[in-house]
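Following: one structure in structure tokens, then a few remarks.
The values are calculated or read from the model by the stated rules, or taken from the named source; none is laboratory data. For clarity, every value in this text was computed on a predicted model and none was experimentally measured. Reconstructed Cβ throughout: ideal geometry from the backbone, glycine too, with neighbour counts over all protein chains shown. Just the protein is used for accessible areas: all its heavy atoms, side chains included, with ligands, DNA and RNA removed. Shrake-Rupley method; radii C 1.70, N 1.55, O 1.52, S 1.80 Å.
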Amino acid sequence: MRQNFITEQKVFDEVKKAIVETLRVDENEIKPESSLIKDLGAESLDFLDINYRLEQKFGIKMARHFILEHVEEIFGEGSAIDENGQLTDKGVALLQMRFGDEHAEFTRGMDMDMLPTLITVHVLTKGVMDILESLPDTCPNCGNTAWKTEDGAKLTCGSCGEPAPFANGDDLIKQWLASVQEEKKIF
């Protein structure tokens, strides 16, 4: 279901807030195109803290694995990352499909260790929005379509009060990869 309760601007603002609280950077330094690592100084553990803050704020479950880890799991080792830990042509094509022209710097032979530097505030915002878009049409508890938000961030059923159930980030990535496989776009 296309949810219209939580705007992308709200998500962006909450992503910025989580980054400020985690990294202790000035909010004015944070732009949609800011790399969490290169521009804002995040380290690997900081991603866990930022994700946790977003999960708590929106009542969601962020992806625990990067898309290429799922590719390797679903399509087999070597499909996206070669034996030297570098992107394959298929890995590049998949990443470009997923993230669009915004990341033209994906190249064959790119070292896997460089990929986290390409995670931007926009990519994180989009990841949260993708999860929020998995809102079911009806509440699985009572069957009504009465979603509401009191704080602009957490959705609950207006009929029974249950929190909205969303697909988790890893499941959404796997669903997307299954659709790519079905359409035979790459694999």
Scan segment 116-155 for residues that are within 18 Å of Lys10 (Cβ to Cβ) and touching a Lys or Arg at 6+ places or on another chain (Cβ under 6 Å) and report the count.
2
Lone qualifier among Ile60, Ile74 - being open to solvent by less than 50 Å² (accessible area, probe 1.4 Å) and either at pLDDT 90 or above or in a helix (DSSP H, G or I) (or both)
Ile60
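Do we find that Ser134 is in contact with a Cys (Cβ under 8 Å, 6 or more places away or on another chain), of a type in the set (Gly, Ala, Ser) and not in a strand (DSSP E or B) in this structure? Give the steps one after another, and end with the answer.
Numbers: in contact with a Cys (Cβ under 8 Å, 6 or more places away or on another chain): no; of a type in the set (Gly, Ala, Ser): yes; not in a strand (DSSP E or B): yes.
Judged against the criteria, Ser134 is not a match.
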I'd like to know if segment 118-125 contains one or more residues that are open to solvent by 30 Å² or more (accessible area, probe 1.4 Å), assigned to a loop (DSSP other than H, G, I, E, B) and within 18 Å of Thr7 (Cα to Cα).
no
Here are the criteria: (1) open to solvent by 90 Å² or more (accessible area, probe 1.4 Å); (2) in a loop (DSSP other than H, G, I, E, B); (3) not aliphatic (A, V, I, L, M). Tell me which single one Pro32 does not satisfy.
(1)
Given the conditions (1) assigned to a loop (DSSP other than H, G, I, E, B); (2) in contact with a Leu (Cβ under 7 Å, 6 or more places away or on another chain); (3) crowded, with 18+ Cβ neighbours inside 10 Å; (4) not basic (Lys, Arg), every one holds for Cys139 apart from (2)
How many residues does segment 94-114 hold that are free of Cβ contacts under 8 Å to residues at least 60 places away in the same chain, buried (at least 16 other Cβ atoms within 10 Å of the Cβ) and not aliphatic (A, V, I, L, M)?
3
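From the residues in segment 77-93 that are part of a loop (DSSP other than H, G, I, E, B) and not polar (S, T, N, Q), which one is surrounded by the most Cβ atoms within 10 Å (Cβ to Cβ)? I'd like the intermediate steps shown before the answer.
Going residue by residue through segment 77-93, those that are part of a loop (DSSP other than H, G, I, E, B) are 77-80, 82-85, 88.
Remaining after also requiring not polar (S, T, N, Q): 77-78, 80, 82-83, 85.
Numbers: Glu77: 11, Gly78: 12, Ala80: 26, Asp82: 15, Glu83: 7, Gly85: 10.
Looking at the filtered set, the residue picked out is Ala80.
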I'd like to know if segment 162-175 contains one or more residues that are in contact (Cβ under 8 Å) with a residue 12 or more places away in the chain and β-branched (Val, Ile, Thr).
yes
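Which residue, of Gly169, Gly152, Gly158, is within 18 Å of Asn51 (Cβ to Cβ) and open to solvent by less than 50 Å² (accessible area, probe 1.4 Å)? I'd like the intermediate steps shown before the answer.
On the way: Gly152 fails: within 18 Å of Asn51 (Cβ to Cβ); Gly158 fails: within 18 Å of Asn51 (Cβ to Cβ).
The conditions single out Gly169.
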In contact (Cβ under 8 Å) with a residue 40 or more places away in the chain, under 15 Å from Val123 (Cβ atoms) and not acidic (Asp, Glu) - does that describe any residue in segment 76-92?
no
